[in-house]
2 protein chains.
Amino acid sequence: MNSFTAENYLKAIYKLVEHSSNPVSTNSIAEKMNTKAASVTDMLKKLANKKLINYQKYQGVYLTTKGEKVALSVIRKHRLWEMFLLEKLDFKWDEVHDVAEQLEHINSEKLISQIDKFLNYPKFDPHGDPIPDANGKIQQQKSNSVSHYKKNDALIMTGVVDHSAVFLQYLDKSGLALGNEIRIKEVIEFDKSLKITINKKNTLFISNEVAKNILAITR
Amino acid sequence: MNSFTAENYLKAIYKLVEHSSNPVSTNSIAEKMNTKAASVTDMLKKLANKKLINYQKYQGVYLTTKGEKVALSVIRKHRLWEMFLLEKLDFKWDEVHDVAEQLEHINSEKLISQIDKFLNYPKFDPHGDPIPDANGKIQQQKSNSVSHYKKNDALIMTGVVDHSAVFLQYLDKSGLALGNEIRIKEVIEFDKSLKITINKKNTLFISNEVAKNILAITR
DNA sequence: AACTATTTTTAGACCTATCTAAATTATTTA
DNA sequence: TAAATAATTTAGATAGGTCTAAAAATAGTT
């Protein structure tokens, strides 16, 4: 079993490598983990001993297949718990992260698979980030803001950028929720505002400002 | 903040003192915690420094008000999580404990109060043990098996003794569930079997064997 | 009361995770 | 390319939690 700390290091490395795809530097890990470079070096040696990362002195690190599996499992748990807190326990968006940071380390296959089922197997978390499945597979398609798409595109709403209460209340009032199907019926050239339908039923006009703050993928 | 380990010690001491009400011995703690007496002594000093227990060398320990508050909070969380796993996530009775052991250490006021609400503020866990409220108050009345009560008593079912699948299926089939009102209509002297009503509606005959395995309090 | 057995505590070690300060290696830059 | 700067690693400490073996205190028994 890996310690909470080890899991957090692996998660941090995963996220750092995700964008750059180069080996990750000791300093960047230290920054992300809010710790000192010396502590990172110590931990890297331990993780390397467990074959969770590939590590060569002064050369940075990347995850092994084994390490990536652990990282993806932690990320899966984190994102499912966030979803659960938000959807089932009436948490606010900004309250979700800290608790999920704790819950992501709970060790129980059954627990997480049941939470997944309880939520009806969501593919994206409330921030629009993909949720890895039980095998660590992640939906490749990345979310974009609705303003990025064009006329006649059929989308699935996966998240939001702005998490303020006013914005979320507006979404609520307009009947826009995670998982909804959004079709772009018209793009007004003048101000880039959109005419859309929600779940093939309700029609709605949204400003470009709103469109920029809603995340979606093509369905 | 107290460590998981410290919380577990406090919980163990609470449970040991609950029955005997005398100071708790180092050895009994060691046994309950599956550790060695020397380790217990070390920890007792730390807990005493934090004013969580009263400790005098060789004289055993008991909880301070502060320590008891922590213990009750951990027990509350444990029992609520057990309830949640059982009722909402389709866990089996025997799968519940180990996961609750982990979840009981998650630190979030809001999380546990929302779980409490989600479960509709249960007063007893599935084993018939009382669930402390947010202030650490516990329902004083202890659960007894139904066979312990007499004619015309009005009860609330709080738990079961036997957790086997056959028994639980029988309860299910008979419409007996946690929180139900049970009224004892008749006690057959010959074999101590009972005629009861469930929620003032359905009538049911149960053997003494069954009655012994159902826990309840008077309402 | 004195001796024995049991319980509890101390002493000394170890492991994990962290830190500061110093040493080493890599990278820039003049 | 040699000196200066930045990044990384090592060395040595500290803190939490655990252990074994030995010492001290308490409880039991004759």
When every residue in the range B:33-61 that is assigned to a strand (DSSP E or B) and within 15 Å of DNA strand D (Cβ to nearest atom) is compared, the one nearest to the other protein chains (Cβ to nearest Cβ) is B:Ile53
Taking the range B:106-129 and the residues there that are within 14 Å of another protein chain (Cβ to nearest Cβ) and in contact with an Asp or Glu (Cβ under 7 Å, 6 or more places away or on another chain), the one that is surrounded by the fewest Cβ atoms within 10 Å (Cβ to Cβ) would be B:Lys110
Worksheet item: Would you say A:Leu171 is outside any loop (DSSP other than H, G, I, E, B) and within 30 Å of A:Glu18 (Cα to Cα)?
Response: no
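Residue by residue, here is whether (1) in contact with a Pro (Cβ under 9 Å, 6 or more places away or on another chain); (2) open to solvent by 10 Å² or more (accessible area, probe 1.4 Å); (3) more than 28 Å from B:His127 (Cα to Cα) holds:
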{"residue": "B:Ser20", "(1), (2), (3)": "no, yes, no"}
{"residue": "B:Val24", "(1), (2), (3)": "no, no, no"}
{"residue": "B:Glu31", "(1), (2), (3)": "no, yes, no"}
{"residue": "B:Met43", "(1), (2), (3)": "no, yes, yes"}
{"residue": "B:Leu47", "(1), (2), (3)": "no, no, yes"}
{"residue": "B:Gly60", "(1), (2), (3)": "yes, yes, yes"}
{"residue": "B:Thr65", "(1), (2), (3)": "no, yes, no"}
{"residue": "B:Ala71", "(1), (2), (3)": "no, no, no"}
{"residue": "B:Ile75", "(1), (2), (3)": "yes, no, no"}
Filtering the range A:163-219 down to residues that are without any contact (Cβ under 8 Å) to a residue 40 or more places away in the chain, among the small types (Gly, Ala, Ser) and surrounded by 17 or more Cβ atoms within 10 Å (Cβ to Cβ) yields A:Ser193
Within the range A:1-32, the count of residues that are within 14 Å of DNA strand D (Cβ to nearest atom) and farther than 12 Å from A:Val70 by Cα comes to 15
When the range A:62-105 is checked residue by residue, the ones that are of a type in the set (Val, Ile, Thr) and at the interface with another protein chain (Cβ under 9 Å from one of its Cβ atoms) are A:Val99
Verdict on A:Asp90 being surrounded by fewer than 17 Cβ atoms within 10 Å (Cβ to Cβ), away from DNA strand D (no atom under 16 Å from the Cβ) and not in a helix (DSSP H, G or I): yes
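The values are calculated or read from the model by the stated rules, or taken from the named source; none is laboratory data. Computed from a predicted model, the values in this text were never measured in an experiment. Neighbour counts run over all protein chains shown; Cβ positions are idealised from the backbone, glycine included. These accessible areas exclude ligands, DNA and RNA; they are computed on the full protein's heavy atoms, side chains included. Shrake-Rupley method; radii C 1.70, N 1.55, O 1.52, S 1.80 Å.
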